Structure formats: C-alpha cells, structure tokens
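What follows is a single structure, written as structure tokens, with notes after it.
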Amino acid sequence: MQNRGYYDQYGGAFLPEVLIATVEELVATFEKAKQDPSFWKEYADIMSEYSCRPTPVTFAENLSNYFGGGRIFVKREDLNHTGAHKANNVMGQGLLVKRMGKTRVIAETGAGQHGMATATMAAKFGFKCTIYMGEVDVQRQRPNVFWMERLGAEVVPVKEGTRILKDAINEALRDWVTNMDNTHYVLGTACGPHPFPEMVSYFQSIIGQEARRQMLEREKKLPDRIYACVGGGSNALGIFKAFLDDPVELVGVEAAGRGLESGEHAVRLASPDASVGVAQGYKTYFLQDDDGQMKETHSVAAGLDYVGVSPILAQFKDSGRVRFEAATDQEVVDALSLTIQKEGLIPALESAHAFAQAFKEAPKLSKTEIILINQSGRGDKDIFTVADAFNDPTWQEFIKKKAEEYNA
C-alpha cells in the first residue's frame, strides 16, 4: 500500500466527517489483525472447514483440444461455499466485526452472490444483516434474494437512480452513517474508501496463493496467462496478486455489453469512455459525463455493471502490469454455452467474460503455453437471465405456466 490507501493517484478515503472515527477503528483493527499470525490461521481454518478451501484447479481438456492452442485450466471458485469467491472476503470481514464487537452488518450486492455470502456469514456469526440491492437486480437475481431472506437477512430494494449496484452502494453508505456504532459495512469489492480496496484484496488473495501452488505442483511451471473478469475488481485482484512478481501476463476482462460503440457497457479501463473522478469515497476511473455525473451502465451480468473500478487496478492499467480487454454480452453467452457443452462447467455470467476473452486468444498460443481462467462463481444464480439470452422456448413456457398458476 502506498501513502495510506493511495495507489499512485488513485484510492484515498473521501468521507463525511461523521464516518472518520468508524473508519479509523476499522483501519486499526485490520492493521492489528494483519500483524497477528493467529489471525490468518483462524481465517484459513474457517475457510477450510466452512467453505471447502482450497478450491481445485481443473484442466479443461476438451476446450483445450477444441481450440488447439494453449492448455486451459480453470480455478474453481464456483466450488467455494455460497457459489462464488465472495465468501473469501465476507468471512474475513466477519472475523474483524467480531474483534470490533459490533452486532450488525450491512452490504450492497449486484449479482446477489455478495449478498448471499454476507447473509451466510451473518447467520454463522450471529449478526443482524441488511442487504441493499438495486430494484433491477432484485428482479433478475430473484433466486439469490430468496436465499438471503431465508438466511434471515432483510433485503432492501433500492428504487432511486438507475436501480443497480452503484445505487445500492449509495444506500448502504447512508445506512452506515446512521448506524455506525453497532454496524459494519461489508463492502463487497476492492473499491470504496481506504481500507476497503486493500482489505478486500487481502482476503481474496487466498485465490492466487492456492492457484500458484497448485499450478507448480501439477505442471511444474506457472501459467503464461491468467484471465479474470473485472467489475469492481475483487476476484481479479484475488488471483492476480500472487503472480505480480512473476513473468505471467495478467488479463482483466470488462463488460462490453451491447458494444462499446453503443454506449451501453461498463468498460472503465479498456476504453477511453471513462475518466478519473471521485465518488463513493475514493478516486478512480468512472464512467461519467463532463459534469461528473455518473452514466448509466449495462451488462448481461449483474455483477459487472458497476460505474467505477478498484483503484489498485487503475494503477495497474497505468503501469501496464495488467492488460484490460472487454467482452460483449453475445460473446459471453456464446462462451458460456460452449463451456457448458464441452466441459460440464457452468460459470456465472460474470466469470464467462474471462472465458470469452481466453477463447479469443487460446488458438494463437502454442500447446506448451498455459492459460488459467478464474471461474469466480457458478451460473445457477443466472438461470433467468441465461434462459432469456438462449431464447429457450421450453423455459418460456414454464415461466408462463407458473405465472398463470400464481394468478389463478
């Protein structure tokens, strides 16, 4: 970390005065925990016993043969408890909440996986829990909403603004200001004010630590390229961090939506449409107009339509350490379909962005080169969106029949 939460010009903590003491308490607790060897052991133990870590690396033999180029491996974060990498961060933050003696947690969620993970953590540790979710995302991620509520969380649909992830973050910040004495905000990605970018990437780094060890044990060499989708940046930083000092090409894949030329996308780092600004407590690249007003975004994947991006990844863009690309909705749906048919793996729509870019590049690599894709989550949460994208007539008939039964 550079200069207390800054990564070159990005990051920082732009906060209302009322939140400063609460954030300073969190910084102090986090710094003390990092210096305590027993803390990481406690964290690793709970992730092993409760969340099935380490997750495996799977050789995608059929896809490798299909493309005829680089050998494709997949880091299986979909096998993490609650179905995504999100549990890594929330369980770590849950341990910090216990150390601070707070009794309630709040969170924002887009795709619903962070909300699911936070509600699960709250049930495990006995915290009260409120989840803020844009009204649009509530509708397209209904299965996750159902399970969050079963876990005892209150799910609050956010009806202001564009009714997606950035609006859920705004509402969670308002709650935190009002209830900071007993409440911790479990921010879900490596964005927001310091210490969240560093803290979230710290807990998510367990992904890359495992993957690096697993590839060396299995292949006796490191991957040549690593691909991860990029919304806020938590899963990408989670797998990238362990390889930063290695001669490995790191590729972050953003959501090109309906195409960059359409303006309906969420590409901050792989296009000139974004500019540097300050919002939601930190400085980074945002999709904003000339007056600093945030633009509307679009992605088939609810977890990738965030208007900003991690300040750590912003620094990596400027330094060139990470190459950023973008995949369209159609490319993502095609990559998802191919992965399901060839390997029996069902990536989340978010993760499928990384697959899509890897598939574009795999044929150009030699058979001695290794590709590693971070499958950050599983796709069963996306069944409504995926079925619509596939235009599945059997699914459409099922939905119509269910609607008729409910309205009867």
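If you go through the stretch 204-228 and keep only what is surrounded by 24 or more Cβ atoms within 10 Å (Cβ to Cβ), in a helix (DSSP H, G or I) and either within 14 Å of the chain's Cα centre (by Cα) or polar (S, T, N, Q) (or both), you end up with Q204, I207.
May I ask you to list the residues in the stretch 74-90 that are surrounded by fewer than 24 Cβ atoms within 10 Å (Cβ to Cβ) and aliphatic (A, V, I, L, M)?
The answer is L79, and nothing else.
Here the condition is being modelled with pLDDT of 95 or more, more than 23 Å from the chain's Cα centre (by Cα) and not aliphatic (A, V, I, L, M); of F30, F39, F73, it holds for F39 alone.
What pairs come out if I take residues in the stretch 128-141 that are in contact (Cβ under 8 Å) with a residue 12 or more places away in the chain and pair them with residues that are part of a strand (DSSP E or B) and among the acidic types (D, E) whose C-beta lies under 6 Å away, six or more apart or interchain? If the second residue must be part of a strand (DSSP E or B) and among the acidic types (D, E), the pairs left are T130/E154; Y132/E108. Once the stretch 167-185 is narrowed to residues that are out of contact with any helix residue (DSSP H, G or I) (no Cβ under 9 Å at 6 or more places or on another chain) and under 17 Å from G110 (Cα atoms), the residue that is surrounded by the most Cβ atoms within 10 Å (Cβ to Cβ) is I169. Whenever a residue of the stretch 72-88 is on the phi > 0 side of the Ramachandran plot, its partners that are among the basic types (K, R) and surrounded by fewer than 24 Cβ atoms within 10 Å (Cβ to Cβ), lying with C-beta atoms within less than 9 angstrom and at least six residues away or across chains, give the pairs G83/R378.
Residue-wise test of (1) crowded, with 24+ Cβ neighbours inside 10 Å; (2) farther than 26 Å from Y10 by Cα.
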| residue | (1), (2) |
| --- | --- |
| G252 | yes, no |
| A270 | no, no |
| A274 | no, no |
| P347 | yes, yes |
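Can you tell me which residues in the stretch 368-408 are surrounded by 12 or more Cβ atoms within 10 Å (Cβ to Cβ) and of a type in the set (D, E, K, R)?
Result: E369, R378, D380, K381, D382, D388, D392.
Per-residue answers, yes or no, for (1) of a type in the set (K, R); (2) buried (at least 20 other Cβ atoms within 10 Å of the Cβ):
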{"position": "I46", "(1), (2)": "no, no"}
{"position": "T55", "(1), (2)": "no, yes"}
{"position": "E61", "(1), (2)": "no, no"}
{"position": "G69", "(1), (2)": "no, no"}
{"position": "I72", "(1), (2)": "no, yes"}
{"position": "G92", "(1), (2)": "no, yes"}
{"position": "R99", "(1), (2)": "yes, no"}
{"position": "E108", "(1), (2)": "no, yes"}
{"position": "K124", "(1), (2)": "yes, no"}
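If you filter the stretch 391-400 down to residues that are farther than 20 Å from N144 by Cβ and either of a type in the set (S, T, N, Q) or part of a helix (DSSP H, G or I) (or both), you find that the one that is modelled with the lowest pLDDT is N391.
Apart from one condition, I340 fits all of (1) more than 18 Å from the chain's Cα centre (by Cα); (2) buried (at least 20 other Cβ atoms within 10 Å of the Cβ); (3) part of a helix (DSSP H, G or I); (4) of a type in the set (V, I, T); the exception is (2). Please go through the stretch 142-163 and give me each residue that is free of Cβ contacts under 8 Å to residues at least 60 places away in the same chain and exposed (fewer than 15 other Cβ atoms within 10 Å of the Cβ), ordered by number. Residues satisfying the conditions are F146, E149, R150, G152, E154, K159, E160.
The values are calculated or read from the model by the stated rules, or taken from the named source; none is laboratory data. Just so we're clear, the structure is a prediction, and the values are computed from it rather than from any experiment. Every residue, glycine as well, gets a Cβ built from its backbone with ideal geometry; the counts of neighbours run over all protein chains shown.
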